[in-house]
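Report on the structure given below.
The values are calculated or read from the model by the stated rules, or taken from the named source; none is laboratory data. Everything numeric here is computed off the predicted structure, so don't read it as measured data. All Cβ positions, glycine included, derive from the backbone under ideal geometry; neighbour counts span all protein chains shown.
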Amino acid sequence: MFVLGLLLVKFVYTNASPTIKLGETTLVGRDIPSLGQEFFGGIPFAEPPLGNLRLRPPVPKTSIGYSTLNATDYGPACLQTANGIAPDQVSEDCLTINVLRPSGTPANAKLPVMFWTFGGGFVGGLSSQFNASAIVAQSVTRGTPVIYVNFNYRLGPLGFALGQEAGEKGALNLGIKDQLAALEWVKANIETFGGDKSKVTVFGESAGAIMTSILFLNLSLNNLARAAILESGSQATSALFTSERGELDWQNFVAAVPSCAFTVTSGSTFDCLRRANTTEIFTGLSVVTTPPSAGLTAPDEPLPWGPVLDGPGGVIPDLPSVLFSRGSFARLPFIAGTNKDEGTVFTPPAINSTEEIIDGLVALFNPTASPTTELEQSIQTLLQLYPDIPALGSPFDTSNNTFGLNSQYKRAAAGVGDLNFQSQRRLWMETAANAGVKTFGYLFTQPQPLLPAAFGVPHSSEIRYVYGAPTDTSASSVLISRLMIEYWVSFTTSLTPNDGQGIPRPEWAQFTPQNKTLIQLNGANVTMIPDDFRAEQMDFINSNPTIWRH
């Protein structure tokens with residue numbers, strides 16, 4: 001049912017297949033002559049996290065173990081129920097990495113590297129969904145070629161274990177540790193592919209941006225990357241708590257693993273889970289993970305699986321806002337941005353009362369069995385700042401249109417988007433800029449005519465533009481896609497989106513304490529705008545970020 005080992009080695013290669021010698025193993029990749037590119041995929045960067053290695057930090061792969069490895073395709077996805085993936089296409093042996101480069105890149109080319117971390121609510125996503133051919137092709141055309149890398153990381157309870165036992169046994173934030181292991185692999189091996197280990201730009205979207213921004217909370221990032229691009233995700237976009245808050249979620253997972261259900265309340269579940277077979281683990285995972293919403297639906301409860309505070313020496317030693325106040329973060333240049341209507345896809349369309357909004361906010365931000373007075377008061381103030389006036393709600397700039405939904409939908413969507421995305425992006429950029437870090441910000445506002453109107457310009461809608469494949473093929477849409485690739489590649493290769501190479505484009509001004517501006521990414525009007533929208537609301541949110549677990 002499941003792919004448990006490395007991909008079987010196939011000895012069916014053509015003479016034109018590109019090869020790379022990695023240790024004692026020859027990787028045989030795939031030539032893409034129509035694009036002038038070469039692909040090497042499914043390369044293991046860590047030992048399979050099975051059996052005794054399940055629920056442990058990744059163990060770097062020091063030897064592939066074959067003389068020849070078929071690297072012509074991606075490896076299997078990590079265990080998940082999202083994305084409509086068939087069970088035989090997922091595996092626990094999923095910690096693999098992929099490299100896409102211009103054809104004929106010599107080992108001494110020293111090309112800058114773009115390292116992508118996908119999103120998916122920490123329960124879904126896979127590297128094979130992201131074809132970066134358009135990015136690499138445009139980088140070559142503009143005379144600044146890059147190498148693109150992406151990878152798989154563990155998801156759900158296997159990658160983001162919760163509960164007291166997980167904390168005691170050092171099993172927290174394993175998906176982020178997979179990301180760090182993949183970056184270590186890049187540092188050790190990318191120059192063999194013609195990359196420059198000193199010119200790695202880490203970028204990602206949603207969960208991938210959250211994970212990437214979390215890396216800034218550890219100074220070790222300075223040794224693994226030189227810049228970052230954060231698309232719709234900051235350090236605490238997924239509100240941060242200690243692992244104990246998720247004890248019931250962990251018990252629900254264990255209860256759904258048939259052979260381990262008897263250990264649910266024992267406080268000692270790991271040994272049994274390590275003995276369970278993959279089919280049983282998948283059964284448990286299927287019960288407790290819900291794919292991120294698609295269409296006009298949204299989860300009624302927050303997804304439990306995700307990053308947690310893991311204390312001194314961990315990847316998230318304290319709330320980001322606390323670390324910011326201490327100046328405890330890496331000083332790498334970065335781009336950070338959000339989409340106009342981040343909150344719409346996370347808001348239940350059936351919401352129809354203030355009480356439902358309150359209940360949702362308590363579920364998101366309450367760290368105890370009953371909400372604190374301070375949280376209750378803050379929620380009441382928040383509701384005053386986001387009144388039930390459709391013209392002020394999200395999707396923004398849609399007047400009093402409620403799209404056939406209750407007006408509370410637009411109200412809630414505005415608040416959710418600002419709480420989880422816009423306010424945090426602003427706080428992070430202001431913090432970094434005040435510390436002298438070079439940073440650039442954007443607001444993606446390109447209309448999305450093929451999506452439901454009630455979504456506006458929602459979360460994740462920019463991804464297809466970054467990858468050069470917008471669904472909307474209007475001239476405006478195609479133009480902004482090409483310009484975004486220009487900006488992204490320019491920043492990767494020269495640490496500024498304004499390198500003067502490639503397609504002529506508007507100057508993207510740096511965000512500074514004296515010039516708090518963003519670039520509006522919209523094919524009809526690419527221009528700088530002040531970063532002061534909904535200032536009163538976001539000033540309130542950022543005035544006491546610990547209330548919101550930021």
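Some points to look at:
- Members of the range 221-255 found to be polar (S, T, N, Q), over 26 Å from LEU521 (Cα atoms) and either touching a residue at least 60 places away in the same chain (Cβ under 8 Å) or crowded, with 24+ Cβ neighbours inside 10 Å (or both), listed by number: ASN222, THR242, SER243, GLN251
- Residue satisfying condition, being out of contact with any helix residue (DSSP H, G or I) (no Cβ under 9 Å at 6 or more places or on another chain), under 29 Å from GLN501 (Cβ atoms) and of a type in the set (Ser, Thr, Tyr), within set THR141, THR117: THR141
- Cross-chain or 6+ apart pairs with Cβ under 6 Å, the range 347-369 first and over 20 Å from ASP388 (Cβ atoms) and in contact (Cβ under 8 Å) with a residue 12 or more places away in the chain, then assigned to a helix (DSSP H, G or I) and not aliphatic (A, V, I, L, M): PHE365/TRP548
- In the set (1) within 23 Å of VAL202 (Cβ to Cβ); (2) outside any loop (DSSP other than H, G, I, E, B), SER476 fails one condition alone, (1).
- Elements of type helices (runs of 4 or more DSSP H) contained in the range 113-184, each with 3 or more residues being in contact (Cβ under 8 Å) with a residue 40 or more places away in the chain and more than 21 Å from GLY313 (Cβ to Cβ): 133-141, 156-159
- Restricting attention to the range 86-103 and to residues that are touching a residue at least 24 places away in the same chain (Cβ under 8 Å) and either in contact with a Cys (Cβ under 9 Å, 6 or more places away or on another chain) or assigned to a loop (DSSP other than H, G, I, E, B) (or both), the residue that is nearest to PHE203 (Cα to Cα) turns out to be LEU95.
- Entry remark, the range 349-363: residues being surrounded by fewer than 18 Cβ atoms within 10 Å (Cβ to Cβ) and either assigned to a loop (DSSP other than H, G, I, E, B) or among the aliphatic types (A, V, I, L, M) (or both) number 6 in total.
- Among the residues making up the range 449-473, those that are crowded, with 22+ Cβ neighbours inside 10 Å and in a loop (DSSP other than H, G, I, E, B) are GLY456, VAL457, HIS459, SER461, GLU462, PRO470.
- Looking across the range 464-484, the residues that are under 19 Å from GLY119 (Cβ atoms) and out of contact with any Phe, Trp or Tyr (no Cβ under 7 Å at 6 or more places or on another chain) come down to ARG464, TYR465, GLY468, ALA469, PRO470, THR471.
- Contact map, the range 416-445: residues that are more than 25 Å from SER461 (Cβ to Cβ) paired with residues that are surrounded by fewer than 24 Cβ atoms within 10 Å (Cβ to Cβ) and of a type in the set (D, E, K, R), Cβ distance under 7 Å, separation 6+ or inter-chain. Pairs shown: ALA435/ARG331; VAL437/ARG331.
- Here ASN83 fulfils each of the conditions (1) in contact with a Cys (Cβ under 8 Å, 6 or more places away or on another chain); (2) at pLDDT below 95 apart from (1).
- Pair list, Cβ < 7 Å and 6+ apart or interchain, from the range 38-51 residues that are farther than 17 Å from LEU183 by Cβ and touching a residue at least 24 places away in the same chain (Cβ under 8 Å) to residues that are among the aromatic types (Phe, Trp, Tyr) and part of a loop (DSSP other than H, G, I, E, B): GLY41/TYR74; GLY42/TYR74
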